[in-house]
Amino acid sequence: MDCAEHTRASAPALGRAAGAAAIPYYAAQAGECTLFEHCFAQQLPLLIKGPTGCGKTRFVEHMAARLGRPLITVSCHDDLSAADLVGRHLIGRGDTVWADGPLAHAVREGAILYLDEVVEARKDTTVVLHPLADDRRVLPIERTGELIQAPPEFMLVISYNPGYQNLLKGLKPSTRQRFTALTLDYPAPAVERAILEREGRATPELAARLVQLAQALRRLTDHDLEETASTRLLVMAARLVASGLSLHEACRAAVVDALSDDHETLRALDEVVRAVVGDGH
C-alpha cells in the first residue's frame, strides 16, 4: 500500500522481516492499538480474529513499526511443519549445520513473530508455540538440545479467520487459552471511507459509493459465499477507478469475480453492483 516494506537479507525463507523505518498506515477501529502496546509491554502473546481483508496483517505491520521492532511474518498452510518453523539440519560442503527457522530466528532477535492464519498449519505445529506462549517464554530445540529464552522484546502474534473454522481446523483450548484475544471486523463506514481515500486514492464521492456497495453485499444472506466484500477488495476497486477503469468494471473485476465462481451467484452480485453504482462511471 502506501508504505514501503523493508526486507531483511538474513530473514529465513518462510518469514518476511519488515524494518521499522516507516510506519504503515492503519486506521484504528477502537482500542486495538492500545491493547497491542499493553500486550507487548507485559510480554503477552496476542491472538487476532477477523474476516479476510479486514486489516489484520496491516495492523500487525503498523504496530511492529510503531514499537520499533523487526517483524517476521509466516503465512501458514497445511504443509507447514514444526521443523519449518523452528529449524532443521542442512547438509552443505560435506558438513551438517543447523539453520534456524523463522520462529527461532524471531526469538533470538527479539522480533515480533506473526503467524497469519495459524489454523491452516498442521495440528502438531502449534504445540511448539506453547512454551513461548505461557510464563516460560522459552523455545526448546530438541534436535540440538538448546533452550532459547525469549528476550523481553519478543512477541508472538497469531491470527485466523473464524469464518473458516470447523471441527478439523480450529485452535485447541490448550493453545487458545495461552493468548490474549482481539476481534477485528470490517471498519465502520466513516473509517472505511477514510481508508479508501488514503489507500485507494478515491475521491470522497467514490469512497462513499464503494462503502455503500460493500454494506449492500455484506447484507446478503441468501448466497453461499465463503467471504463477503472486504476492505481490501474495495481498495483494489478504488485503485482501478483511479487508473481510468469505469466504476462498474472495477467493481466487477475487483469485487464480484473475486467472491465466487458460481454463475448464478455472480449474476446476483452483479445486479447488486448495478443497483448501487450503476453501469457507467
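Coordinate-derived values only; no laboratory data. None of the values given here were measured: they were computed from a predicted structure. With ideal geometry, Cβ positions are generated from the backbone for all residues, glycine too; neighbour counts draw on all protein chains shown.
The packing ranking of peptides 42-55, 266-279, highest mean first, is 42-55, 266-279, where packing means the average number of other beta carbon atoms within 10 angstrom of each residue. Annotation: the antiparallel percentage among DSSP beta bridges lying fully within region 16-183 is about 45.
Just to be sure I understand: of the beta bridges DSSP finds with both ends in the chain, what percent are antiparallel, rounded to 5? Rounded to the nearest five, the antiparallel share is 45 percent.
If I compute percent of Cα pairs over 30 Å apart from the structure I just sent, which labelled value in [x] 26; [y] 31; [z] 38 lines up? Matching entry in [x] 26; [y] 31; [z] 38: [z]. The amide H of G87, built 1.01 Å from its N in the peptide plane, has G101 as neighbours under 5 Å, considering only residues 5 or more places off or on other chains. Across the chain, the relative contact order, built from alpha-carbon pairs under 8 Å that are at least six residues apart, equals 19 percent. Considering only A229, A208, A41, the mean-square fluctuation computed in a Gaussian network model of the chain, springs between alpha carbons under 10 angstrom, is largest for A41. Under 5 Å between amide hydrogens, built in the peptide plane, is the criterion, and for T183 it picks out K49 among residues at least 5 positions away or on other chains. Listed by chain and number, the aspartates and glutamates placed with their C-alpha closer than 14 angstrom to that of K172 are E120, D124; residues fewer than eight positions away on the same chain are left out. When only Cα pairs below 8 angstrom with a gap of at least 6 residues are kept, region 16-183 shows a relative contact order of 30 percent.
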